[in-house]
Amino acid sequence: MRIWQVVLGVAVLLGSPVVELKSATAQESIWKRFTSQRGGFSIVMPGTPKERKESGLTLFDLMRDDESVRYSVGYLDLPVAPGTDKKLQNEVYEGVRKGAAKDQGELLSFRTIQLNGSPGREMNFKLPDDMVAKWRVYLVNRRAYFVNVTTTQENQKRGLATSIDVFLNSFRLVGKR
């Protein structure tokens, strides 16, 4: 199975607009570091995420209906490590883009990023119903990490951008990779 086929499925799961939002209690609104030892990462989130697994993907979601926002981080073990092979790396990134396009998402911009020397890509999408998503994908050995936020365009413009940046910039690898 090609890497992009696997990631395409992941992108469809993670790239869809917020469909179901659940209430967050006042206690969950506090930003705190969440660590997944099994996943090998930590990240700051405004509450405790819920874990779910689908088709090899492990995903941690936190939905805040008061802000119409979903914070999500997940990982998927790949059949091969993309390493420095730009073609394999681009297959993963293209899979994410195609997954968003399948949900009528339009890629607005992207840039190349790194995490501790591992390659990555940041992508901004416009989604239906005035939703937007900001994604970061990191390729670390044989694991792809997906960190993303989905919210309304209005929220992004009126101040939620700071919270989005706090979330995305707080992603760290933990343990041995």
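The values are calculated or read from the model by the stated rules, or taken from the named source; none is laboratory data. What you see is a predicted model; the values in this text were computed from it and never measured. We place every Cβ from the backbone using ideal geometry, glycine too, and count neighbours over all the protein chains shown. The protein model used for the area step is the full one, side chains on, heavy atoms only, and it has no ligands, DNA or RNA in it. Shrake-Rupley method; radii C 1.70, N 1.55, O 1.52, S 1.80 Å.
No other residue among G117, G39, G95, G105 is farther than 20 Å from R143 by Cα and among the small types (G, A, S) apart from G105.
Restricting attention to the stretch 140-177, the residues that are open to solvent by 10 Å² or more (accessible area, probe 1.4 Å) and assigned to a strand (DSSP E or B) add up to 4.
The set of residues from the stretch 77-114 being free of Cβ contacts under 8 Å to residues at least 40 places away in the same chain, in a helix (DSSP H, G or I) and open to solvent by 100 Å² or more (accessible area, probe 1.4 Å) comprises K86, K87. Restricting to the stretch 105-130, give me the number of residues that are within 22 Å of L59 (Cα to Cα) and touching a helix residue (DSSP H, G or I) at 6+ places or on another chain (Cβ under 7 Å). Qualifying residue count, the stretch 105-130: 5. One residue is enough: does the stretch 75-95 have a residue meeting the conditions under 18 Å from F167 (Cα atoms) and out of contact with any His (no Cβ under 9 Å at 6 or more places or on another chain)? Yes.
Filter the stretch 120-130 down to the residues that are part of a strand (DSSP E or B), modelled with pLDDT under 95 and open to solvent by 20 Å² or more (accessible area, probe 1.4 Å), then identify the one that is farthest from L168 (Cα to Cα). Within the stretch 120-130, the match that is farthest from L168 (Cα to Cα) is K126.
Taking the criterion of being part of a strand (DSSP E or B) and open to solvent by 40 Å² or more (accessible area, probe 1.4 Å), the only residue of the stretch 60-76 that qualifies is M63.
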